[in-house]
Amino acid sequence: MNKFESERRFAERMKRCYPPGTRLLLLSMDDPYAPVECGTRGTVVHVDDAGQIHMKWDNGRTLAIVPGEDSFRKLTDEELEEEQNNEMDEGNAPVLGSEVQNKNIGLMHMSIRVLDMFCGMSAFRSAAERIGGFEFVGYCDNDPTAIAAYRTLYNTEGEIYYDNARTVNTDEIPDFDLLVGGFPCVAFSAAGRRLAFKDERGTLFFELARILEAKRPAFFVFENVPPIRTIQKGQVFTAILSEISRLGYVCEWQCVDGSAYLPQSRKRVFIVGYLDPRCAGEILPLERKSGTPLSELTDRASQGNRVYDAKGAAITLSASCGGFGGKTGMYFVDMNENSKITDTARCITARHNAGLSNRKGEHSGVFVEDDGVYPVINPDREKIRQNGPRIRENGAPAFCITVVDRHGIMHKGKIRRLVPQECFRLMGFTDEQFFKLKNELSLADSKLYKLAGNSIMVPILVDILSRIKKVNQKYSVLKEEK
């Protein structure tokens with residue numbers, strides 16, 4: 001039985017064992033970012049074709065169970081009966097008086113209420129749902145495809161929507177505690193003309209400031225590209241920070257490289273603000289360091305038999321693509337002339353399907369290695385006479401190291417583009433989310449590339465929002481404001 005047939009049978013077995021509606025108890029979860037707490041109960045939503053069990057946890061979270069990595073069990077008959085009895089007791093409970101209800105208003109609003117500006121398909125919301133404890137009151141974006149994706153991925157019933165940040169009416173928006181948004185970066189990006197506030201899109205930051213001034217949420221998180229710090233000799237960034245200070249917010253910012261979370265070199269500036277000065281230093285800086293490149297522990301074994309150090313960040317995109325025992329190695333490679341193999345993907349952009357680029361190191365493709373590597377001596381001297389062979393056979397020992405010679409290896413294979421699913425993975429979105437958009441909306445690849453390229457890396461936001469939730473619990477920020 002080959003690997004794919006084994007995986008298919010495993011998934012089918014999981015589907016039979018855990019049909020929708022099955023009640024489970026989580027014993028442990030192996031998730032480096034924000035695992036569901038041990039002892040949490042939840043209901044099975046469905047089992048996907050990879051055998052992962054998608055859940056609706058009782059605490060509001062939706063993180064899936066990965067059999068083999070996470071520990072869990074079904075609820076016993078006694079536990080199920082106890083739950084049913086509790087539900088019956090709650091249904092027959094007397095109505096609380098207004099005085100008691102008022103005392104519990106704070107408990108009813110313990111979740112952090114969020115307004116999602118310039119949302120796209122919302123990495124912020126994906127991160128918040130993984131953590132739990134967040135409630136979205138509204139969202140805004142002018143891209144019809146992004147809004148269709150947003151409404152497909154999330155339940156937006158009862159939430160307010162705007163298609164233009166300039167028309168947001170702060171009088172009709174419900175109160176909220178956290179304002180999030182990656183305001184348009186074209187006016188600041190190296191890929192644009194860097195006109196900053198002279199570009200109409202560059203002034204959209206002040207719409208966020210207008211909402212902050214009117215609604216006074218306890219927290220905000222904004223995101224943009226690194227050049228925003230230095231454009232026009234830093235005057236633009238100074239103006240942004242000054243406006244935030246004028247509004248009475250304490251502000252911190254950090255440039256975070258996404259390669260510390262996933263194998264993609266994507267640097268972004270995150271600006272975090274809060275009204276309560278006790279939050280200082282509790283959210284930023286993020287102290288996660290860049291990932292370690294993949295390290296093979298075996299000695300030049302075939303792809304299917306290689307063993308890697310689990311502490312490294314993989315340079316392969318999907319270990320299953322080549323099939324077990326296949327003689328293919330998969331690496332990130334630049335999509336331009338004189339390209340080089342890299343440990344991490346270049347930054348995913350909205351036009352990642354554009355093919356070969358005239359800009360060095362702008363896009364990554366996938367280099368699929370045919371049959372290993374070949375030792376090469378003096379690869380920069382192709383037209384100079386060489387005693388003996390310049391290139392040895394695949395797997396042969398390297399040439400003798402000397403003072404004057406240069407040594408290298410030659411890779412033989414083909415280059416292909418990153419497919420949309422791989423781009424979604426590199427941004428931290430799940431395969432379930434990808435296929436939901438692809439199948440339910442029938443989106444073309446160009447639309448999927450754009451959605452991924454315009455988004456934010458989800459694991460970074462999981463880190464930031466987890467800290468906001470933690471600091472709110474630590475100082476009871478929202479409870480005191482209410």
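Derivation of every value follows stated rules applied to the coordinates shown; laboratory data play no part. Bear in mind that the values here come from a model prediction, so they are computed numbers and not experimental data. In this analysis, Cβ positions are derived from the backbone assuming ideal geometry, glycine residues included, and neighbour counts consider all displayed protein chains.
Run the dipole for the range 3-81 about the Cα centre, Lys and Arg Cβ at +1, Asp and Glu Cβ at -1, nothing else charged, and hand back the magnitude in debye, nearest 20. Magnitude of the dipole: close to 260 debye. With neighbour counts taken as other beta-carbon atoms within 10 Å, the residues F72, F222 rank, fewest first, as F72, F222. Phi-derived couplings, Karplus 6.51 cos²θ - 1.76 cosθ + 1.60 at θ = phi - 60°, listed residue by residue for the range 35-52: x, 5, 5, 4, x, 6, 9, x, 10, 5, 8, 6, 10, 7, 6, 9, x, 6 Hz, with x used for Gly and Pro.
Ordering C119, C255, C279 by the number of other Cβ atoms within 10 Å of each residue's own Cβ, fewest first, gives C255, C279, C119. Compared with the alpha-carbon gap, the fully stretched path from E252 to D30 is longer by 76.8 nm at 0.36 nm per residue. Applied to the range 170-175, the Karplus parametrisation 6.51 cos²θ - 1.76 cosθ + 1.60 on θ = phi - 60° returns per-residue 3J(HN,Hα) values of 5, 6, 9, 6, x, 4 Hz, with x for Gly and Pro. For the range 3-81, the relative contact order is 31 percent, taking Cα pairs closer than 8 Å that sit 6 or more residues apart in sequence and dividing their mean separation by the residue count. For the listed peptides 173-184, 441-452, a ranking on the average number of other beta carbons within 10 Å per residue, highest first, reads 173-184, 441-452.
Of the residues Y18, Y139, the one with the fewest other Cβ atoms within 10 Å heads the list, and the complete ranking is Y18, Y139.
Since only S71, T40, Y18 are under comparison, the one whose Cα sits farthest along the positive direction of the charge dipole of the range 3-81, derived from C-beta charges on Lys, Arg, Asp and Glu, is Y18.
Pairs spanning more than 20 Å between alpha-carbon atoms, out of K56/K438; K215/K479; K340/K414: K56/K438. Once you have a ≥ b ≥ c as the square roots of the Cα gyration tensor eigenvalues for the range 3-81, tell me rounded if a/c is under 1.5, and otherwise prolate or oblate according to whether a/b is larger than b/c. Oblate shape, in that a/c is at least 1.5 and b/c is the bigger or equal ratio.
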